[in-house]
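The values are calculated or read from the model by the stated rules, or taken from the named source; none is laboratory data. Everything numeric here is computed off the predicted structure, so don't read it as measured data. Reconstructed Cβ throughout: ideal geometry from the backbone, glycine too, with neighbour counts over all protein chains shown. Ligands, DNA and RNA are excluded from the accessible area calculation, which covers all protein heavy atoms including side chains. Shrake-Rupley method; radii C 1.70, N 1.55, O 1.52, S 1.80 Å.
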Amino acid sequence: MLCYDLHSKMKICIFDVQKLKLNSLSRLREREGAHHVSDGRVRDRTQVIRRSLIFPIRLAPDGPCLLPQAGEDIMDWDRIRVFLAVARAGQILGAAQQLGLNHATVGRQLTALEEDLGAKLVERQTQGCTLTPAGEALLKSAERVESEVLQVGSEISGARAEISGTVRIGAPDGLGNYFLARKLGHLANQHPDLTIQLVPLPRTFSLSRREADIVVTLDRPKQGKLIITKLTDYSLSVYAAKSYLKQHGEIKSVDDLDGRLFITHVEDFVYSRALDYAAELASRMKRHYECGSVVAQMEAVRAGHGIGILHDYAAVQFPELVRLLPQTRFTRTYWLMSHPDTHRTARVAAVHDYVAEQARKAKADFVRG
């Protein structure tokens, strides 16, 4: 277990509290090097040391060791962060984009880390990067250190009333665009030092690869060390625009769907089994207009082009939409997840709890009878 004792003789520096947002790599654009606290003491726990964190690490026969031995050097945390980004992105270019650096800088930092450790960490290939056994071992230890850094930052800033830092939320595009976008803006306004990154896309997000701090998913994971909470059930129904019904006739029963244009998803882009609700109606409506996102489907139905299955909590926001065949309804579930390593930080916990609270308040909107 790693212990960060600010009053010991260990050479440990602490991020600028604001740089615990994990944006400290901007320093790499200016210069390399590290700043040591000569006696390891911090007079005030909120004191700012405007240099990157450095921590002791060495490669032992049984893997990386994060506690120093006499006379050993210490490693620059920026280089470890570069390594983590490459490991998670699977390529140097992707890591560079994530970190806001150019790919040459990322490559140099990765090479410097390998030279410091005396071990090859990554196999660089044209199609991407793969970790060597030493790299796999370092990844586990570095993620533990990252977790401890985040926790230290949370403890240091915990006494302050304000929530600060960056929190990224990955969510299905329906929930993200038609619910979270409205709700999270209020939270962002309440905390000027908090940056919320909402990423509403029709895809899954990896918490272990730090693609997001909080994830809303359609399927409950059956394995993995995650903090999982049921967010809410939600329903979907069949809809058409008033203009469509006026032009093409009313829909009184499922038989009236024959020959209609079905606005639905693109099968190749389906990323969850929870999205299998379209098959029942697709057998009746042979003509398809397929859209790769919930937003695109919603806009096509609103424009009067055809009939679609839409989220009830989203469709209710548009008076031009008419719910059809009330007996035809689909119910699914949203799950709220975070990683134990980051969930303990004040900013992530605050956003996580806020999302859960807003979903509880809007429970009646999510499921339509």
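Region 289-312 and region 102-145 have Cα centres separated by 45 Å. In this structure, the amide hydrogen of VAL122, modeled 1.01 Å from its nitrogen in the peptide plane, lies closer than 5 angstrom to those of THR132, counting only residues at least 5 positions away or on a different chain. With each label point set 7 Å from Cα along the Cα-Cβ vector, what nm distance links LYS140 and GLN247? If labels sit at LYS140 and GLN247, their model points lie 6.1 nm apart.
Annotation: SER141 carries an accessible surface of approximately 10 Å², with a 1.4 Å probe and no ligand, DNA or RNA atoms counted.
Start at zero, step by 10 Å, and the Cα-Cα distances of region 277-369 spread as 12, 35, 28, 17, 7, 0 percent across the bins. Computed from label points 7 Å out along Cα-Cβ, the spacing between LYS183 and ARG284 is 3.2 nm. What does a probe at PHE269 reach in region 181-217, counting residues whose amide N is under 17 Å from the point 7 Å along Cα→Cβ? Only 199-205 pass the distance filter.
Using only alpha carbons, region 211-281 has a radius of gyration to Kirkwood radius ratio (Rg to Rh) of 1.11.
Computed with a 1.4 Å probe over protein heavy atoms only, the accessible area of ASP193 comes to about 70 Å². Measuring how big region 213-368 is from its alpha-carbon positions, Rg and Dmax come out at 17.7, 55 Å. Between ALA362 and HIS103, the modelled label-to-label distance comes to 3.9 nm, taking each label 7 Å out from Cα in the direction of the beta carbon.
Of the whole protein surface, VAL348 contributes about 0 Å² of accessible area at a 1.4 Å probe radius. Applying 0.36 nm per residue to the separation of ARG220 and GLN127 and subtracting their alpha-carbon distance, the gain on full extension is 30.3 nm. Database remark: amide H of LEU261 closer than 5 angstrom to the amide H of ILE307 (H placed geometrically; neighbours at sequence offset of 5 or more, or on other chains; Pro and chain starts carry no H).
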